[in-house]
Amino acid sequence: MTAPRATTAIERIDVFGYDLTYAHGDYVMSSGRVVNRLPSTVVRITTTDGVTGYGECCPLGATYLPGFAEGARAALRELAPALIGADPTNLADITARMDATLRGHDYAKSAIDVACWDVFGRVAGQPVAALLGGVLQRELPLYVAVPLGSPEAMSAFVERERSGGVHRFQLKLGGDPYEDAERARAVHDATGPGEALIADANGGWRRQDAIVAAHLMANLERLRLEQPCPTLEECIAVRRLTTLPMVLDEVITDMTALVRAASLDAMDHINLKIGRVGGLTRARAMRDTAVALGMRLTIEDSWGGDLVTAAIAHLAAATPPDALFAVSFMNDWTVEHIAGYQPRSAGGVGIVPSAPGLGVEVDEAMLGAALFSADSGYVARGGVSNLQRSDPA
């Protein structure tokens, strides 16, 4: 059975690249991972009736999750031709076409999926949040990640962000458990009632060190423990030995992983990254499942700029307020802005765009020339040699 004939169809897909610079120098995580500048990839979809939509994917380097910037671009070269002529408002068909064309590489598929949602919203005259279930909140609580450093440096970072109205902090840990406990205590002492902390090892501890760290931090009453170990089984072993609420992130890769972890009582809270699960289509289903299971959510992505931030805002807006712990407005973390530094935050709160689609307008001049493009002529002629290419600006 084929999808119904499209009333609007994808005529062209252009893929662009630009670099995103971390706004605070070096972003340091466990296992010696340091980020300060990352290549981001932008997809622009143009329909037969002239509507455009944008999506973005920006893997957090090459050692955080499977996938990296050039991998996203290679995957998009495979995916784009298969979508020419498809209806971008038929998200189920778009997902099926991508999965039939390329197995895995969900982070690359996410950029296409989000661009289709942007088109869908513009065609419908509705913000994406309305199409994702309805707008339950227009102002979103923000969190900020605190790079791994000395206790003094981390507590000073937190104090600066508190002065701007942020009250939720994710502490990058995952080193020596005794030193990590000192870091967590320093930040805990620098914050107060009503503020929340997450100790995020990004899977950097192995089981024994994670158990020691959890024991040392057990009396920090405003602390949650996030992804202490690289595997679900190790995280469960730690959870059984601590009363700290548990957040899972890197191991929640899809709906199957979410349901399995929930069935094993592995967590109370998940960090839902849109790019990791393939875009808004699958993230919406996972969000609704997590809410139904009584979990709290942090909604974000691995990294990104204005477009990633807009997608995060729309998914979070349709999340029940009592289930939403926080979101990241990643364009506050980065220097470059291709959509006018929109959506914006103020006083520790992220504002949800209300215009149709993602609700932001891309400055196409800032993108420069496309890395490559696919259009109906490419599909008609066939062959990789017809895929249009140009050098990045």
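Read-outs throughout are calculated quantities, based only on the coordinates presented, and are distinct from any laboratory measurement. Fair warning: this is a prediction, and the values are worked out from it, not measured in the lab. Quick reminder, even Gly has a Cβ in these numbers, built from the backbone with ideal geometry, and neighbours come from all protein chains shown.
With each label point set 7 Å from Cα along the Cα-Cβ vector, what nm distance links R103 and D322?
4.3
Quick check on the exposure proxy: order T191, T7 from fewest to most C-beta atoms within 10 angstrom.
T7, T191
If I stretch the segment between T63 and V259 completely, what's the gain in nm (0.36 nm per residue apart, minus their alpha carbon distance), one decimal?
Full extension of this stretch gives 68.0 nm more.
Can you compute the label reach from H337? Point 7 Å from Cα along the Cβ direction, backbone N cut-off under 13 Å, restricted to segment 43-81.
none
Taking only Cα atoms and a 10 Å spring cutoff, compute GNM fluctuations for the chain and point out the largest among F157, F120, F329.
F157
Where does helix 306-317 land angle-wise versus the long Cα axis of the chain, in degrees 0 to 90, nearest 10?
Approximately 70 degrees, to the nearest ten.
Over the Cα atoms of segment 130-351, how large are the radius of gyration and the largest Cα-Cα distance (Dmax), in Å?
Rg and Dmax of segment 130-351, Cα atoms, are 16.6, 47 Å.
Please list, ordered by chain and number, the residues whose modelled amide H lies under 5 Å from the amide H of G203; skip anything fewer than 5 residues away on the same chain.
Amide H neighbours of G203: C229.
Kindly write out, for segment 223-232 in residue order, the coupling ³J(HN,Hα) from the Karplus curve 6.51 cos²θ - 1.76 cosθ + 1.60 (θ = phi - 60°), rounded to whole Hz, with x marking Gly and Pro.
Per-residue couplings from phi come out as 9, 10, 10, 10, 6, x, 10, x, 10, 4 Hz.
How much net charge surrounds D26 when only other residues with a Cβ under 12 Å from its Cβ are counted (Lys, Arg +1; Asp, Glu -1)?
Summing Lys and Arg as +1 and Asp and Glu as -1 gives +3.
Angle check, please: helix 280-292 long axis (alpha carbons) against the longest principal axis of the chain (alpha carbons), in degrees 0 to 90, nearest 10.
40
Taking H as built 1.01 Å from N, whose amide H comes closer than 5 Å to the amide H of L65, not counting residues under 5 places away?
Amide H to amide H, under 5 Å and 5 or more residues apart or across chains, L65 pairs with L60.
Mind listing the Cα extents of the chain along all three principal axes, in Å, largest one first?
64, 41, 38 Å, listed from the longest principal axis down.
For the peptides 284-291, 111-118, 195-202, what is the packing order when you average, over each peptide's residues, the other Cβ atoms within 10 Å and list the highest mean first?
111-118, 195-202, 284-291
Give the percent of DSSP beta bridges with both residues in the chain that are antiparallel, rounded to the nearest 5. Write out the running numbers ahead of the final one.
Values: 31 of 57 bridges.
Beta bridges within the chain, antiparallel portion: roughly 55 percent.
How high is the FRET efficiency from E159 to S376, r the C-beta distance, R0 41 Å, rounded to 0.05?
So, using R0 = 41 Å, E works out to roughly 0.15.
Please list, ordered by chain and number, the residues whose modelled amide H lies under 5 Å from the amide H of G17; skip anything fewer than 5 residues away on the same chain.
Those qualifying (amide H under 5 Å, at least 5 residues apart or on another chain) are V42, L371.
Roughly how tilted is helix 177-190, in degrees to the nearest 10 and between 0 and 90, from the longest Cα axis of the chain?
Helix 177-190 sits roughly 90 degrees off the main axis of the chain.
Quick one: net charge around P320, please, counting Lys, Arg +1 and Asp, Glu -1 for every other residue with C-beta under 12 Å from its C-beta.
Working: positive: R287, R296; negative: D288, D322.
Around P320, the surrounding residues sum to 0.
Based on the alpha-carbon gyration tensor of segment 140-199, what equivalent-ellipsoid semi-axes (square roots of 5 times the eigenvalues) come out, in whole Å, largest first?
So the three semi-axes of segment 140-199 are 19, 11, 10 Å.
Which of rounded, prolate, oblate describes segment 282-371, given a ≥ b ≥ c as roots of the alpha-carbon gyration tensor eigenvalues and a/c under 1.5 marking rounded, otherwise prolate only if a/b is larger than b/c?
Prolate, because a/c is 1.5 or more and a/b exceeds b/c.
Treat the count of other C-beta atoms within 10 Å as a stand-in for reagent exposure and order W303, W205 from fewest to most. Spell out each step's value before the answer.
On the way: W303 25, W205 29.
Going from least to most buried by this count: W303, W205.
With the crude spin-label approximation of a point 7 Å out along Cα→Cβ, what separation in nm comes out for A365 versus E221?
With each label point 7 Å from Cα toward Cβ, the separation is 5.6 nm.
Return P(r) of segment 105-243 (all Cα-Cα pairs; 5 Å bins starting at 0; whole %; ordered from short to long distances).
In order of increasing distance, the bins hold 2, 10, 16, 16, 12, 12, 11, 11, 7, 3, 1 percent.
Would you mind classifying segment 92-172 by shape? Square roots of the alpha carbon gyration tensor eigenvalues, ordered a ≥ b ≥ c; an a/c under 1.5 is rounded, otherwise it is prolate if a/b is larger than b/c and oblate if not.
Cα axes put segment 92-172 in the oblate bin.
Would you mind checking segment 99-141 for residues with the amide N under 17 Å from a putative spin-label position 7 Å along Cα→C-beta of S354?
Answer for this model: 125-131, 134-140.
With each pseudo-label sitting 7 Å past Cα toward Cβ, what's the T243-S150 distance in nm, one decimal?
According to this spin-label approximation, the distance is 3.4 nm.
Compute the separation of the alpha-carbon centres of segment 267-288 and segment 151-226 and state it in Å as a whole number.
Going from one Cα centre to the other spans 24 Å.
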